[in-house]
1. Going through region 436-455 one residue at a time, which ones are free of Cβ contacts under 8 Å to residues at least 12 places away in the same chain and either touching a helix residue (DSSP H, G or I) at 6+ places or on another chain (Cβ under 8 Å) or assigned to a loop (DSSP other than H, G, I, E, B) (or both)?
2. Out of curiosity, is residue 244 under 28 Å from residue 125 (Cβ atoms) and in contact with a helix residue (DSSP H, G or I) (Cβ under 7 Å, 6 or more places away or on another chain)?
3. Looking for something surrounded by 13 or more Cβ atoms within 10 Å (Cβ to Cβ), within 18 Å of residue 219 (Cβ to Cβ) and within 36 Å of the chain's Cα centre (by Cα) - is there at least one such residue anywhere in region 429-449?
4. Within region 230-243, track down each residue that is loosely packed, with under 12 Cβ neighbours inside 10 Å and under 18 Å from the mean Cα position of the chain (by Cα).
5. Of the residues that make up region 389-412, is at least one surrounded by 21 or more Cβ atoms within 10 Å (Cβ to Cβ), touching a residue at least 60 places away in the same chain (Cβ under 8 Å) and assigned by TED's automatic domain parsing to the domain that holds residue 273?
6. Kindly establish whether residue 139 is at pLDDT 80 or above, out of contact with any helix residue (DSSP H, G or I) (no Cβ under 6 Å at 6 or more places or on another chain) and within 29 Å of residue 19 (Cβ to Cβ).
């Protein structure tokens, strides 16, 4: 019988049943899937499992519960089992609650309700991998510490125990090589550029709470309709697909002096510390690489992939968060949240690459790019709308030329739209579509204008 358990906590029985069923299907009998309908029951369950020498790699909890909210539950669980990775599964948690869990309970991931089964599965798999990697590293460090102590004793008795000393030297070399391999592995999880931004020479120099504030550009890239694509694949095929995609996108980021801060499921978050132009050119190259990849996929009879990219520029804080036993690098800023929001807008308007006005203003020469105004959006926590612009350099040549030819009409139509002058806006959007029927943004705005006119007519 396994002594490893995954705990699910929610005050809704149907949610618990769904969680347990999905996790049971994903992991079979490799783990005990324990459930609790309240925070109090969950704490008692944790204490019982720990008393029976069970490991608890992962706990998944809702935020809104009748007795103790999810953030306080995870803080208490962290006191009982610091190494347990915590996942919050809710659609109602406040920013303050999430920040408290990150600060006091080392929150591993946040998943919004309703969740996608594959996203939940991939998140739990990543959490389990992280748990076991940390466990293995701790055991290796303990072994190395023991070897060092033995070496100190052998040094004091060198005259009489020279042969034994040689044996331990060989053992030390072996463990040193293993430690080097571990450090090499760490470099794939913690970007070298992140450590350099913290002004550290090595990951071993990084301390909890190290932080720095920088002006940087943030790029978010996300595969469109990934869930639908993954539903047609086996888990093995899904990971091969994601890795093949990431393998083609990463060079475009590195070639423009950026680095990947983290992979979020099928999405990429990258940081650029040099210029906004580097981030924008990286985004354009990623779309060009995607076009090449799609050409290869099409020749093999595979479906085409679409991607949305959002770029924002501003001040952000990089640093380390966590606890003594578990630490992670993170980026905290409205700049990051806005970049993610801008990437989401690419789906709404059917475009591939959007940038904020902050990024536009930081470009050395915006006229070098094909850019048009696309929208004004309200960013959470801000009272002033932020302008968003489409960059269409990576579009097929005929579409790019049509967008350039109709740029003036398109942007004037958006002005009319924002002034509630929907009839004049419709006329200009129709002109754009007559030149370029594939202009999805113009078509989206046209539909919105027509809906607004119908709504006005219905109220007369």
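1. Within region 436-455, 437 is the sole residue that qualifies.
2. no
3. No, region 429-449 contains no residue that is surrounded by 13 or more Cβ atoms within 10 Å (Cβ to Cβ), within 18 Å of residue 219 (Cβ to Cβ) and within 36 Å of the chain's Cα centre (by Cα).
4. Across region 230-243, the qualifying residue is only 243.
5. So far as region 389-412 goes, yes, one or more of its residues are surrounded by 21 or more Cβ atoms within 10 Å (Cβ to Cβ), touching a residue at least 60 places away in the same chain (Cβ under 8 Å) and assigned by TED's automatic domain parsing to the domain that holds residue 273.
6. In short, no.
For (1) part of a helix (DSSP H, G or I); (2) at pLDDT 75 or above; (3) touching a helix residue (DSSP H, G or I) at 6+ places or on another chain (Cβ under 8 Å); (4) surrounded by 12 or more Cβ atoms within 10 Å (Cβ to Cβ), each residue gets a yes or a no:
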{"residue": "152", "(1), (2), (3), (4)": "yes, yes, no, no"}
{"residue": "165", "(1), (2), (3), (4)": "yes, no, yes, yes"}
{"residue": "168", "(1), (2), (3), (4)": "yes, yes, yes, yes"}
{"residue": "172", "(1), (2), (3), (4)": "yes, no, yes, yes"}
{"residue": "177", "(1), (2), (3), (4)": "yes, no, no, no"}
{"residue": "182", "(1), (2), (3), (4)": "yes, no, yes, yes"}
{"residue": "188", "(1), (2), (3), (4)": "yes, no, no, no"}
{"residue": "195", "(1), (2), (3), (4)": "yes, no, yes, yes"}
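The values are calculated or read from the model by the stated rules, or taken from the named source; none is laboratory data. Fair warning: this is a prediction, and the values are worked out from it, not measured in the lab. Counting neighbours? That spans all protein chains shown, and the Cβs are built from the backbone with ideal geometry, glycine included.
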